[in-house]
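Each value in this text was obtained by applying a stated rule to the coordinates, not by laboratory testing. Since we're looking at a predicted model, the values are computed, not measured. Quick reminder, even Gly has a Cβ in these numbers, built from the backbone with ideal geometry, and neighbours come from all protein chains shown.
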Amino acid sequence: MKKYRTNFSREELHAALHANDQEAITIIEDTDRWTKFKEELETFLKKAEKIPVIGGMIDDIVCMLALVDSYVNKKYRDIPMGTIVSIVAALLYLLCPVDLIPDAIPVLGYVDDAAVIFLILNLGVDRDLNRFRSWQEQNRKSALTSFEQVLAEELAEVIGERYLAAVVVCDDTIKMLVTEDQESRQPVECIVEAVKVPVVALSEYDVREPGEILEVLYETVNLDGVPWMGEAEKRVYSEPDFDGKWDDFIIQEG
C-alpha cells in the first residue's frame, strides 16, 4: 500500500493553492459558473462536517463561500481581488479529488485540503472573514430594525383606535389582547386579534429559535406607534407563560 506524507512545506502548499488561480478567476468573473461551483461546494460541505480533519474548519469554509458570493454579486467589495482569487483557489482544491493526497483515501485524503485552508487563514484571510462577519451582522441588524418597524405599523393598523393590553405568541400566531379602554383596570375586557408570526421572514434574518422570535416581537410592540393600555406591562408572553394570566381578562367576541 502506498504511503503518503502528511507534512507539507509552505512552498508545496503555496504551489498547490496557486495552481488553481486561473480557474478561480474564470469562476469569479462568470456568475453562472460561480453558481454551479457554489452548489457543488455546498453539497460537499454537507458530508465534510463528518470528516475529522475538515469538520473543525466548516464554519470558516462556509464563511469563505458566503464572502465570495457577496463579492461576485457586488454586495461586498471591501477585500482585494487577489484575496478572493486565493479563497476560490483554496475552495477549488477542496473539490479536487486528485491532489497531494487523493481524497478517496478515508480521512487521510483530506489532510492536505485542511492544510491548504489553514494556510490561507494564516495568510490573513482569517481577519478578512472577521471583517466580513461584522459586515454581515451589521447588515442583519439594520434589516431587522427595518422589519420590526414595518411589522409594528401592521400591528398598529390592526389595533386601530384601540389599545394593546397583552401580547401572547402561540406557535405561529401573535394573539393581541385589544381593549377599547385606555385605563388599566382588572379584569380587562378585550377582543383577541390574531396575526400570523412572520416566521419565514424572520428566518431570513437568522431569527429562528422561539426565544429569539419573542425578543424581536418584544422590540416590535415597544416601538412608537403601537398604542398600549395605561399601565399595561409591555412584554410578549409565550403561551405557557401566559396561562396563569387569562383570569385578568374578559375575552369578548370580535
Using a 10 angstrom cutoff on alpha carbons, build the Gaussian network for the chain and name the most mobile of G211, G244, G225. G244
Name the residue from A48, I174, I25 whose Cα lies farthest towards the positive end of the charge dipole of the chain, charges +1 on Cβ of Lys and Arg and -1 on Cβ of Asp and Glu. I25
Per-residue ellipticity at 222 nm attributable to helices in the chain (runs of n ≥ 4 DSSP H, -39500 (n - 2.57) apiece, nearest 500 deg cm²/dmol) works out to -16500 deg cm²/dmol
Calculate one ³J(HN,Hα) per residue across segment 173-179 by plugging θ = phi - 60° into the Karplus curve 6.51 cos²θ - 1.76 cosθ + 1.60, and present them in order as whole Hz with x for glycine and proline. 10, 9, 9, 9, 8, 10, 10
Under 12 Å from a point placed 7 Å out from the Cα of R140 along the Cα-to-Cβ direction: which residues of segment 180-204 have their backbone N that close? 203-204
Amide H of I251 versus every other amide H placed in the peptide plane: which residues, excluding those fewer than 5 positions away on the same chain, fall under 5 Å? C190
Ordering 184-197, 56-69 by per-residue average of other C-beta atoms within 10 angstrom, highest first, gives 56-69, 184-197
Expressed as a rounded percentage, what relative contact order does the chain have, with Cα pairs under 8 Å and six or more residues apart? 17 percent
Counting only other residues whose beta carbon sits under 15 Å from that of A194, what net charge do I get with K and R as +1, D and E as -1? -4
Could you size up the charge dipole of segment 160-252 around its Cα centre, putting +1 on the beta carbon of Lys and Arg and -1 on that of Asp and Glu, and report it in debye to the nearest 20? 120 debye
What is the set of long-range amide H partners of Y76 at a cut-off below 5 Å, with H atoms built 1.01 Å from backbone N? Y71
Taking the Cα atoms only, what angle lies between the long axis of helix 210-221 and the longest principal axis of the chain, rounded to 10 degrees? 50 degrees
Say each of E219 and E239 gets a label point 7 Å from the Cα, pointing the same way as Cα to Cβ; how far apart are those two points in nm? 2.6 nm
Could you tally the net charge around E154, taking each other residue with its Cβ under 13 Å from the Cβ of E154, Lys/Arg +1 and Asp/Glu -1? -3
Net charge (Lys, Arg +1; Asp, Glu -1) of residues whose beta-carbon lies under 13 Å from that of T173, T173 excluded, is -2
Long-range amide H partners of S238, meaning residues 5 or more apart or on another chain whose placed amide H is closer than 5 Å, are V169
Enumerate the whole-percent occupancy of each 10 Å bin, from 0 to the last occupied one, for all C-alpha pair distances of segment 156-212. 22, 42, 26, 10
Out of every Cα pair in segment 39-95, what percent are spaced more than 19 Å from each other? 28 percent
Going through segment 40-89, which trypsin sites (Lys or Arg not before Pro) have at most 12 other Cβ atoms within 10 Å and a DSSP loop state? K50, K74, K75, R77
